[in-house]
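Since the structure comes first, as structure tokens, the remarks are kept for the end.
No lab work stands behind these numbers, since they all come straight from the coordinates. Note that the structure is predicted; figures quoted are calculated from it, not measured. Cβ placement follows ideal geometry from the backbone for every residue including glycine, while neighbour counts extend to all protein chains displayed.
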Amino acid sequence: MPELKLLQAGHAPAVLAFELANRAYFAASVPDRGDDYFDQFSDRYNALLAEQEAGICAFYVLLGEDGVVLGRFNLVDIEDQAAEVGYRVAQHVTGHGVATANVRELCRLAAVQHGLRTLRAAAARQNAASRRVLLKAGFVPVGPADPAHLSGKPGTWYQRELDL
């Protein structure tokens, strides 16, 4: 059974493989990370681990039984018991409730492991799947998102209050 695990240095090869295998799929709904991301992956990955160590962010990977990354679920800009949620799942597991189940699990971890009370997430209007995931995971729309936050696309902020 897949398991959500806090990002570790040893996950780097599997994360890179996940990002490369799903690059075109992700680029269809969110801006492509660009070649520089992949060329400088090791440095960027180490920067993520440093942010996590500093308590600024918490990055999780959904690992299949074979160690393959099936998704990434992140808490970013942790401050004042709040954070922003981001997530992406592999194309071959979409449509099976994987994103919804693990966003719910991320919410639980946010409260229990990180002491967070409020989570926010932005979704572009064109990204109906992401909007559905957020709603099913207990988020409610709270207002328009600045298009600059969504790479120039109009969208909505969603929020969920957590129980500790």
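Which whole-number percent of Cα pairs in the range 1-73 have a distance greater than 15 Å? Before the final figure, lay out the partial values.
On the way: 1492 of 2628 pairs.
Counting every Cα pair in the range 1-73, those more than 15 Å apart make up 57 percent.
For the chain, what does the helix formula give at 222 nm: sum of -39500 (n - 2.57) over DSSP H segments with n ≥ 4, over the residue count, nearest 500 deg cm²/dmol?
Values: 6 runs with 57 residues, N = 164.
For the chain, the value works out to -10000 deg cm²/dmol.
Tell me, Lys136, Lys153 in order of fewest to most beta-carbon neighbours within 10 Å?
Lys136, Lys153
Choose one of Pro144, Cys107, Leu4: the residue whose Cα lies farthest towards the positive end of the charge dipole of the chain (beta-carbon charges +1 Lys, Arg; -1 Asp, Glu; about the Cα centre).
My answer, from the dipole projection, is Pro144.
Based on DSSP H assignment, which helices of the chain show an axial Cα extent of at least 24 Å together with a mean Kyte-Doolittle hydropathy greater than or equal to 0.0?
Values: long enough: none.
Result, helices passing both filters: zero.
Please rank Leu116, Leu134, Leu4, fewest neighbouring Cβ atoms within 10 Å first, as an exposure proxy.
So the residues, fewest neighbours to most, are Leu4, Leu116, Leu134.
Give me the net charge for the shell around Ala110: Cβ to Cβ below 14 angstrom, other residues only, Lys and Arg +1, Asp and Glu -1.
Its environment carries a net charge of -2.
Note down the relative contact order for the chain as a percent, whole number, built from C-alpha pairs under 8 angstrom at least six residues apart.
Computed value for the chain: 18 percent relative contact order.
Going through the range 1-79, which GluC sites (Glu not before Pro) have at most 16 other Cβ atoms within 10 Å and a DSSP loop state?
Working: sites: Glu3, Glu19, Glu51, Glu53, Glu65, Glu79; in loops: Glu65.
Taking the range 1-79 and a limit of 16 other Cβ atoms within 10 Å, the loop GluC sites (Glu not before Pro) found are Glu65.
Starting with the fewest neighbours, write out Ile78, Ile56 ranked by other beta-carbon atoms found within 10 Å of each beta-carbon.
On the way: Ile78 20, Ile56 15.
Neighbour counts put them in this order, fewest first: Ile56, Ile78.
What net charge do the residues around Arg131 carry, taking every other residue with its C-beta under 13 Å from that of Arg131, with Lys and Arg at +1 and Asp and Glu at -1?
Summing Lys and Arg as +1 and Asp and Glu as -1 gives +4.
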